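The values are calculated or read from the model by the stated rules, or taken from the named source; none is laboratory data. The shown structure was predicted, so the numbers you read here are calculated from the model rather than taken from an experiment. So basically every Cβ, Gly included, is an ideal-geometry build from the backbone, and we count neighbours across all protein chains shown.
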Ligand code: FRU
């Protein structure tokens, strides 16, 4: 029997906290051979509150180990989002900047340092170190700006309600000077959160770099947009002082409903821009029926900037381990046309589809599990779109705004390539290795997934699939008490 209250299986190749609430990734840094992921966490319950920084590390971006809470809320002060940077002086010091959200409503930036590779932290006695006396000043992201002549630290913050990014600079990670302010821009009725600014060579040409501003926007006000929170990007130039956009437009960064607060790792190997986002939506995050955890991180993504249809476009490729797993997957030429082909997966599965839309015409892939819910992916070659619809009673029972359709570009005039990463409730779709992405929570149940694959005209679809068996390591010691 199909159940409406879907049993939500824990993801196997994505990070979820062992217990309790999680939202934004914080303090992403590569250090000492480990990828450090801190995260907005309520160490005491399944809902947002008591905000603290949880901590996990991974040697490979696939397997994560959770550690004791790194920065714990205190009386009168919660620890909101922020970033960590690794020293460039050859020592082992890590510096964290986070927002102190005080009970009186003030938000200001505070600092902490770690001398043991990111496991324990000492907060600065002079905190907060950057305070405007305002109430929506948050999410410090410190980046390194090095133009070959001068190198310095730049901190991006938001005045969230004003839809502004404020930039500061520092030579010593101690004192900060205001550089410039960017915004407001784009739709009103949202707050701006979690900014990042990423240098990316256009089409791989390091002599032609652009800077890409990443922004998370969350609808607010009387009648907020029911589609909820989402991410955007702006391509432009940055001279170390001001960010100047190429065009004053916020472009969607991910076309799904559940991708937010993504930022890059500091000091990633080879200077790669690697992001992780939170796979949920403020519209219904508190209603998602997973237990004893609530909140999951996305797959890491490797950013690039490529000219697509004449425009510099943010490309978000899946991480190397996904490619490697697929190389060991089972490959088949699936003949479809008269009747849909049926495929079975564990539900912790990577699937790559390659086909020629000029032969097959429209393509439809419908996923079902034991819950009364479905996910339908429909490619319409003439429109050049892929529509991803999640629906059914289990989806409706999460929240009235949970059933949804996401639409993303998938050209119909060339060979098509689609990567689906389904890990329990997390469905991430990559078109052409990341030219477009869509991330959505799904509630298909825990008993495996059947995919029904149909095409308008007879043809073959090349399918490569791999089920991921390894469960997450829940035997590691439970997180201990506060540090710092
Ligand atoms: C974004 C956000 C941040 C804030 C944090 C609080 O999701 O609202 O702006 O620092 O979450 O948990």
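Among the residues of the stretch 280-301, are any without any contact (Cβ under 8 Å) to a residue 40 or more places away in the chain and in contact with a strand residue (DSSP E or B) (Cβ under 6 Å, 6 or more places away or on another chain)?
no
Does residue 136 fit the bill of being over 17 Å from residue 112 (Cα atoms), more than 16 Å from the ligand (Cβ to nearest atom) and touching a residue at least 40 places away in the same chain (Cβ under 8 Å)? When the stated conditions are applied, residue 136 does not pass them.
Residues that are over 23 Å from the mean Cα position of the chain (by Cα), buried (at least 22 other Cβ atoms within 10 Å of the Cβ) and more than 16 Å from the ligand (Cβ to nearest atom) occur at least once in the stretch 100-116. None of 50, 42 is within 13 Å of the ligand (Cβ to nearest atom), free of Cβ contacts under 8 Å to residues at least 24 places away in the same chain and surrounded by 15 or more Cβ atoms within 10 Å (Cβ to Cβ) except 42. Here the strands (runs of 3 or more DSSP E) wholly within the stretch 134-210 that include at least 1 residues being within 22 Å of the chain's Cα centre (by Cα) and under 26 Å from residue 29 (Cβ atoms) are 137-146, 151-159, 164-170, 190-202.
So which residues in the stretch 228-243 are more than 16 Å from the ligand (Cβ to nearest atom) and surrounded by 13 or more Cβ atoms within 10 Å (Cβ to Cβ)? Before you say what the answer is, go through the steps one by one.
So the first thing to find is which residues in the stretch 228-243 are more than 16 Å from the ligand (Cβ to nearest atom), and the list is 233-243.
Answer for the stretch 228-243, where residues must be more than 16 Å from the ligand (Cβ to nearest atom) and surrounded by 13 or more Cβ atoms within 10 Å (Cβ to Cβ): 233, 234, 235, 236, 238, 240, 242, 243.
Condition first: within 16 Å of the ligand (Cβ to nearest atom), modelled with pLDDT of 95 or more and outside the structural domain of residue 435 (by TED's automatic domain parsing). Can you find one or more residues in the stretch 168-176 that meet it? If you could, list the steps in order and put the result at the bottom.
Taking the stretch 168-176 and keeping what is within 16 Å of the ligand (Cβ to nearest atom), we get none.
Taking every residue of the stretch 168-176 in turn, none turns out to be within 16 Å of the ligand (Cβ to nearest atom), modelled with pLDDT of 95 or more and outside the structural domain of residue 435 (by TED's automatic domain parsing).
A residue that is in contact with a strand residue (DSSP E or B) (Cβ under 8 Å, 6 or more places away or on another chain), on the phi > 0 side of the Ramachandran plot and part of a loop (DSSP other than H, G, I, E, B) occurs nowhere in the stretch 211-224.
From the list 391, 329, the lone residue that is within 20 Å of residue 406 (Cα to Cα), touching a residue at least 12 places away in the same chain (Cβ under 8 Å) and under 28 Å from the mean Cα position of the chain (by Cα) is 391. Yes or no: residue 36 buried (at least 22 other Cβ atoms within 10 Å of the Cβ) and within 16 Å of the ligand (Cβ to nearest atom)? No: the conditions fail for residue 36. Residue pairs whose Cβ atoms lie under 7 Å apart, separated by 6 or more positions or on different chains, with the first residue in the stretch 307-325 and closer than 13 Å to residue 274 by Cβ and the second exposed (fewer than 14 other Cβ atoms within 10 Å of the Cβ), are 321/60. Checking each residue of the stretch 119-133 against the condition of being in contact with a helix residue (DSSP H, G or I) (Cβ under 9 Å, 6 or more places away or on another chain) and surrounded by 18 or more Cβ atoms within 10 Å (Cβ to Cβ) gives no match.
Consider residue 150 carefully, then state whether it is within 16 Å of the ligand (Cβ to nearest atom) and either touching a residue at least 60 places away in the same chain (Cβ under 8 Å) or assigned by TED's automatic domain parsing to the domain that holds residue 217 (or both). No; evaluated as a whole, the condition is false for this residue.
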